[in-house]
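Visitor: Below are the structure tokens for one structure; questions will follow.
None of the figures in this text is laboratory data; all of them are computed from the coordinates on show. Given the structure is predicted, the values throughout are model-derived calculations rather than measurements. FYI the Cβ positions are ideal-geometry reconstructions off the backbone, even for glycines, and counts take in every protein chain you see.
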Amino acid sequence: MLDSYEAFIPEYISKEEFFRFGLEKTIFIPDEKVKEEWKKLKEKISSNKTVYMRGMKETGGNHLFYEFYDKVLKNKQVQKDPSNTQTPAKIIEDLTGYKKSKDLRNYQLTSIFGRSKNIFAFAAPWNIVYIPNLLDALLGPDAKGTLAEQYQRVFFEHCFKKFKPYISEFNDIVTNMHFQRAVDEYFQRLYEDSRHDKNAVIKFESVLREEFAPIK
């Protein structure tokens with residue numbers, strides 16, 4: 001199979017140089033600002049302040065998430081982000097000083113580790129970056145080929161190492177024994193409630209478990 005990236009790179013630049021370009025030109029929020037913003041986000045969640053998540057394609061699923069956050073995390077103020085990117089876009093603009101439409105060209109706003117329906121991850125400053133459009137094709141969910149696999153490994157390992165303290169804290173939150181028990185009990189009640197369609201609950205549980213999986 002002919003891969004245009006693999007055909008192009010050896011002709012003009014080494015793979016190692018191309019990968020280094022990708023990491024060096026990715027715009028991360030400065031660490032001291034990541035620490036402060038992460039603290040603010042956790043405080044908003046725990047104090048029942050407004051926080052945002054990316055909406056479901058099937059809008060009915062949003063209400064299941066709202067109910068989950070209300071019952072399990074005691075936050076009644078979770079809302080769907082107006083454009084599904086507005087909140088993270090504002091955060092990275094404010095904390096880096098770069099506005100995509102004004103200061104950057106051919107850059108893509110990206111959620112590094114996904115989990116955009118998880119309120120601890122969607123607006124987490126360690127999960128938001130600008131990447132060069134040139135590299136976006138290697139990081140997207142539809143990316144295929146050896147080069148994409150290699151760059152994804154380099155990119156995610158770099159980001160994991162860079163933000164390890166925050167990711168470790170996120171992992172502690174989602175794997176906490178009391179939280180896990182609360183999640184299990186919540187779904188048990190949903191399955192026992194005849195008002196809910198069982199297939200819809202099964203689908204919702206699958207999505208939520210994935211959203212709250214630890215980052216490895």
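Visitor: Which aspartates and glutamates does residue 49 reach when only Cα atoms under 14 Å apart count, and residues fewer than 8 places away in its own chain are ignored?
Guide: Counting by Cα, and skipping residues close in sequence, residue 49 has these aspartates and glutamates nearby: 70.
Visitor: List the residues of segment 106-123 whose backbone N lies under 19 Å from a point placed 7 Å from the Cα of residue 11 along the Cα-to-Cβ direction.
Guide: Within reach of a label on residue 11, which here means backbone N under 19 Å from a point 7 Å along Cα→Cβ, segment 106-123 contributes nothing.
Visitor: Would you mind ranking 49, 100 by Cβ crowding within 10 Å, fewest neighbours first?
Guide: The most exposed by this proxy come first: 49, 100.
Visitor: Mind sorting 128, 91, 173, 13 by how few other Cβ atoms lie within 10 Å of their own Cβ, fewest first?
Guide: Placing the least packed residue first, the sequence is 13, 173, 91, 128.
Visitor: In whole Å, what are the extents of the chain along the principal axes defined by its C-alpha atoms, from largest to smallest?
Guide: That gives 62, 41, 31 Å along the principal axes, largest extent first.
Visitor: Rounded to the nearest 20 debye, what is the charge dipole size of segment 4-163 about its Cα centre when +1 sits on each Lys and Arg Cβ and -1 on each Asp and Glu Cβ?
Guide: 740 debye
Visitor: Pairs of alpha-carbon atoms within less than 8 angstrom and 6+ residues apart define the contacts here; what relative contact order does the chain have, in percent?
Guide: Relative contact order, the chain: 22 percent.
Visitor: Here's another thing I want to ask about it. Report the antiparallel proportion of the DSSP beta bridges in the chain as a percent, rounded to a multiple of 5.
Guide: 70 percent
Visitor: Under the 0.36 nm per residue contour assumption, what length would be gained going from the current alpha-carbon distance of residue 24 and residue 70 to full extension?
Guide: Contour length minus the Cα-Cα distance gives 12.5 nm.
Visitor: ³J(HN,Hα) across segment 199-213 via Karplus (A = 6.51, B = -1.76, C = 1.60, θ = phi - 60°), whole Hz, x for Gly/Pro?
Guide: For segment 199-213, the Karplus-derived couplings read 5, 5, 5, 4, 5, 5, 4, 4, 5, 5, 4, 5, 5, 9, 6 Hz, x marking Gly and Pro.
Visitor: Continuing with this model, one more query. What is the fewest-to-most order of 105, 189 by other Cβ atoms lying within 10 Å of their Cβ?
Guide: Sorted ascending by nearby Cβ count, the order is 105, 189.
Visitor: I need the phi-derived Karplus couplings for segment 78-91: 6.51 cos²θ - 1.76 cosθ + 1.60, θ = phi - 60°, integer Hz, Gly and Pro marked x.
Guide: Calculated HN-Hα couplings, in order: 6, 10, 6, 4, x, 10, 6, 9, 4, 5, x, 4, 5, 4 Hz.
Visitor: Over the Cα atoms of segment 33-123, what radius of gyration and what Dmax do you get, in Å?
Guide: According to the Cα coordinates of segment 33-123, Rg and Dmax are 13.9, 43 Å.
Visitor: Separation of segment 140-214 and segment 12-34 by C-alpha centroid, Å?
Guide: Cα centroid to Cα centroid, the span is 26 Å.
Visitor: Within the set of other residues whose C-beta is less than 10 Å from the C-beta of residue 80, count the net charge using Lys and Arg as +1 and Asp and Glu as -1.
Guide: Neighbourhood net charge equals +1.
Visitor: Can you give the percent of C-alpha pairs in segment 96-216 whose distance is more than 17 Å?
Guide: Cα-Cα pairs in segment 96-216 separated by more than 17 Å: 66 percent.
Visitor: May I pose another question? For each pair in 44/76; 33/162; 76/100; 57/203, compute the distance between the two Cα atoms and list the pairs where it is over 20 Å.
Guide: 76/100
Visitor: Tell me which residues come under 5 Å, amide H to amide H, from residue 104 once H is placed; ignore anything under 5 positions away on its chain.
Guide: Excluding prolines and chain starts, which carry no amide H, the hits are 99.
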